[in-house]
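J.: I have a structure here, written as structure tokens, and I will follow up with some questions on it.
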């Protein structure tokens, strides 16, 4: 699969402050891409460069193989973290205006808006003013406006903030559906569970530098330590613990079960086979729990940022 | 993509549909007209009251000059003592009592004349009486010294100097006044327009920041387009408002004068009456002729073209500054520190216009300030009726437009950076840094 977005060695300074330093990011077409990083790392600056709000000092950005230019505005849908709508303007009018700014004709915009309003069951909001809506309701409008012009690239900065779980789920499903229809999605978020759930690829930016990127599965594979979480029932738990302690690299485990069994984390060497461990364990007692420990995005995030 | 018309339309419609805008558009002329009508009514009320002044002239030399007028009735008392006269005036609630002492073989002077009243009389009343007494006493003295008063009156000469330029253009004093009114009105109109609608532009920029919609918008349009759209849209709304004010105000004036029977033109009654009296006088007829001539002499074509150009230039120049301020701050209270440098030159321009240009329209001060772009729109508009060489007008306009382009560039820099900055009140130093970004 080719890359829809190619950010190549981009640097950006604000006065003496270095916001981005030689950052390169590739976003594969049709993927959901997680752009991660602590606060102030430079994510928003990078997103603003892709949206042509700010210009990079150095480096290039290509969208669909073309150097970024004014015509790409209609190919990108951007939901910024700092978002809002004109408070005293009516919902429908405002959505029409924003859609037309993205290059849609008025008639086309109206048609698509009707479709979306019906889909999200917000049709009767058309003549309400934004200030009459709740924050979550306004966010829905904002989402519709972002995706209305069917852009190739969707950029969401903290898309779920302000939504209740039900609406967050609704929006999540819509994002997945848009991806199926061919859109590429960039996520910038601190909510690691949604990254875990949605993202195929990630890039981690810290202190203006990209410190990690790639397919999420590859990264997890690289970060896993061949450790297994084990629960085993035995008559003499203490004796078994000592025995396993001699034979393997064992540490204390934290997980919840119904019974009071022996819980351990067992780290294997690279050449050891999990099956051999399992066979050994079954010969010592009844195995109730056997799971390979895969690092969560959260763990990877914290570990990498701390080591950096 | 050119979104300017779209942005302009939205700005215009939002402004025009705004409730407070609509209310102000229709309420302002009503309040204004009501105020004028009220003042006119009060003036009439005052004028309708007839003053009764009793005169006790013991010398019996002056009393004949007091003739009843529409607003004043003179009550000549004879053969009563001062105390009785006072009591009488008090009893009849008269305005006051003028008392002239009887003195033998001595001419009357200030020491012998006293005006008694319950409340302090108006200045105009006292000077009116003083005038009458003075005139009479002067005549008496002249006669005593053997001078023929008739002869003096006949020897008086009145002069109006005819003015003519070297090119043969005839002007008069009236011309200058008319020019002043024209120039002053044009300059003042621009001043008001900038202050009212410049502020509106600034608020509209701030609104986009506080509602946090700016980043959404700015990912679709260039800041320059957004800024221009705002300035133009708001200006059109402003023009709409002014036009409605004029039309609506005109209608209201007509209705008000019909309903209340108050002739608005009669408000300045004393002056008006003087005018009317003068009208019957052939001498003053030429005065009217002069006014007509003055209009005719005004460089009208030049005035209209220059008004349009300088108005647009000056307004756009200042609005881009207002837009930049709006972008630089987070809320309206923070705008104060940046407003001063904008308001000061504007006020300076109006002062120069009203004091220096009147005194010497082509002097160094007036000329210099009609080239400096911060003051040139107002000062030049005030100078033009007095005849400014075309090359000066063009030069001033070129400087203004060049500065306008520079300001837009500068403002859009601040705008571009400022609209995405939140939470912090910028200093001038930071603003300069933003321009370098």
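Bear in mind that the values in this text are calculations on the coordinates, not laboratory data. Note that the coordinates shown come from a computational prediction; the quantities given were computed from them, not determined experimentally. Neighbour counts are summed over all protein chains in view; Cβ atoms, including those assigned to glycine, are modelled from backbone coordinates with ideal geometry.
J.: Counting helices only, and only those DSSP H runs with n ≥ 4, report the 222 nm mean residue ellipticity of chain A as the sum of -39,500 (n - 2.57) divided by its residues, in deg cm²/dmol to the nearest 500. Each step should come with its number before you reach the end.
T.: Numbers: 10 runs with 110 residues, N = 308.
The per-residue figure over chain A is -11000 deg cm²/dmol.
J.: With angles folded into 0 to 90 degrees, how steeply does helix A:135-147 sit against the dominant principal axis of chain A? Use alpha carbons for both and round to 10.
T.: Once rounded, one gets 80 degrees.
J.: For the range A:128-182, take every pair of Cα atoms, bin their distances at 5 Å starting from 0, and report each bin as a whole percent.
T.: That works out to 4, 18, 29, 25, 15, 7, 2, in percent per bin.
J.: Expressed as a fraction of 2.2 N^0.38 Å, the rule-of-thumb size for a compact globular protein of N residues, what is the C-alpha radius of gyration of the range A:58-204? Before the final figure, lay out the partial values.
T.: On the way: Rg = 15.5 Å, N = 147, 2.2 N^0.38 = 14.7 Å.
Compared with the compact-globule rule of thumb, the range A:58-204 sits at 1.06.
J.: At residue B:140 and residue B:39, where each label point lies 7 Å from the Cα along Cα→Cβ, what is the point-to-point distance in nanometres?
T.: About 4.2 nm, to one decimal.
J.: Still on this structure, I have one more. Sort B:158, A:135 so the one with the fewest other Cβ atoms within 10 Å of its own Cβ comes first.
T.: Values: B:158 5, A:135 10.
Fewest to most other Cβ atoms nearby, the residues stand as B:158, A:135.
J.: Given 10 Å bins starting at zero, what is the percent of C-alpha pairs of the range A:14-129 in each, up to the one with the largest pair distance?
T.: Taking all Cα pairs of the range A:14-129, the binned fractions are 10, 33, 30, 21, 5, 0 percent.
J.: Provide A:263, B:209 in ascending order of the number of other Cβ atoms located within 10 Å of each residue's Cβ, fewest first. List each step's numbers first, then the result.
T.: Working: A:263 19, B:209 23.
Exposure proxy ranking, most exposed first: A:263, B:209.
J.: Along its three principal axes, how long is the range A:225-282 when you only count alpha carbons? Whole Å, largest extent first please.
T.: Per principal axis, max minus min of the Cα coordinates gives 32, 21, 18 Å.
J.: Counting residues in the range B:43-192 as N, plug N into 2.2 N^0.38 Å and put the Cα Rg over that result. Don't skip to the answer; put the middle values down first.
T.: Numbers: Rg = 23.0 Å, N = 150, 2.2 N^0.38 = 14.8 Å.
It is 1.56.
J.: Next question, about the same structure. Rg(Cα) of the range B:1-100 divided by 2.2 N^0.38 Å? Write out the running numbers ahead of the final one.
T.: Values: Rg = 30.0 Å, N = 100, 2.2 N^0.38 = 12.7 Å.
That works out to 2.37 for the range B:1-100.
J.: With a 10 Å cut-off between alpha carbons and a GNM built on chain A, which of A:227, A:60, A:44 moves the most?
T.: Of the options given, A:227 has the highest mean-square fluctuation.
J.: Calculate, for residue A:176 and residue A:126, the FRET efficiency according to 1/(1 + (r/R0)^6) with r their C-beta to C-beta distance and R0 30 Å; round to the nearest 0.05. Please list the in-between numbers first.
T.: Working: r = 27 Å, r/R0 = 0.89.
Rounded to the nearest 0.05, the efficiency is 0.65.
J.: Where q = 0.20 Å⁻¹, what log10 of I(q)/I(0) comes from the Debye formula for the range A:61-146, counting one point per Cα?
T.: Once normalised to I(0) and log-transformed, intensities are -0.93.
J.: Mind giving me the FRET efficiency for residue A:135 and residue B:300? R0 is 56 Å, r the Cβ-Cβ distance, nearest 0.05 is fine.
T.: 0.45
J.: Along the principal axes of its C-alpha atoms, what lengths does the range A:169-308 span, in descending order and rounded to whole Å?
T.: Largest to smallest, the principal-axis extents are 56, 35, 24 Å.
J.: Also, I was wondering about something else. Hey, could you get me the Stokes-Einstein D for the range B:144-244, Kirkwood radius over alpha-carbon pairs, 4 °C and 1.567 mPa s, rounded to whole µm² s⁻¹?
T.: Values: Rh = 19.6 Å.
After rounding, the answer is 66 µm²/s.
J.: Continuing with the same structure: Given 0.36 nm per residue, what is the gain on full extension from residue B:332 to residue B:364 after removing their alpha carbon distance, in nm? Don't skip to the end; give the middle numbers.
T.: Working: separation 32, 0.36 × 32 = 11.52 nm, distance 3.87 nm.
Fully extending the segment from residue B:332 to residue B:364 adds 7.6 nm.
J.: How do B:160, A:54 rank when sorted from fewest to most other Cβ atoms within 10 Å of their own Cβ? Before the final figure, lay out each step's value.
T.: Numbers: B:160 12, A:54 21.
By the 10 Å Cβ count, ascending: B:160, A:54.
J.: State the dimensionless ratio Rg/Rh of the range B:203-253 (Rg: radius of gyration of Cα atoms; Rh: Kirkwood radius).
T.: Working: Rg = 15.7 Å, Rh = 12.8 Å.
Computed over Cα atoms, the ratio is 1.22.
J.: Working from the alpha-carbon coordinates of the protein assembly as shown, get Rg over Rh, Rh being the Kirkwood radius. Let's see the in-between values first.
T.: On the way: Rg = 42.8 Å, Rh = 34.3 Å.
Answer for the protein assembly as shown: 1.25.
J.: Can you give the extra length, in nm with one decimal, that the chain gains between residue B:101 and residue B:392 once fully stretched, where that is 0.36 nm per residue apart less the Cα-Cα distance? List each step's numbers first, then the result.
T.: On the way: separation 291, 0.36 × 291 = 104.76 nm, distance 6.72 nm.
Length gained, residue B:101 through residue B:392: 98.0 nm.
J.: Here is a further query. Could you work out how far apart the two model spin labels at residue A:255 and residue A:29 are, taking each label as a point 7 Å from the Cα in the direction of the beta carbon, and quote it in nm?
T.: Inter-label distance under the simple model: 4.1 nm.
J.: Just to confirm my numbers, what's the Cα centroid distance between the range A:239-296 and the range B:5-36 in Å?
T.: 77 Å
J.: Could you check the spin-label model distance between residue B:82 and residue B:111? Points 7 Å from the Cα along Cα→Cβ, value in nm.
T.: Output for this residue pair reads 1.4 nm.
J.: A further question on this structure: Angle check, please: helix A:91-101 long axis (alpha carbons) against the longest principal axis of chain A (alpha carbons), in degrees 0 to 90, nearest 10.
T.: 90 degrees
J.: OK, next. Quick one: Cα convex hull volume of chain A, Å³ per residue?
T.: Values: hull volume 53.1 nm³, N = 308.
Measuring per residue, one finds 173 Å³ for the Cα hull of chain A.
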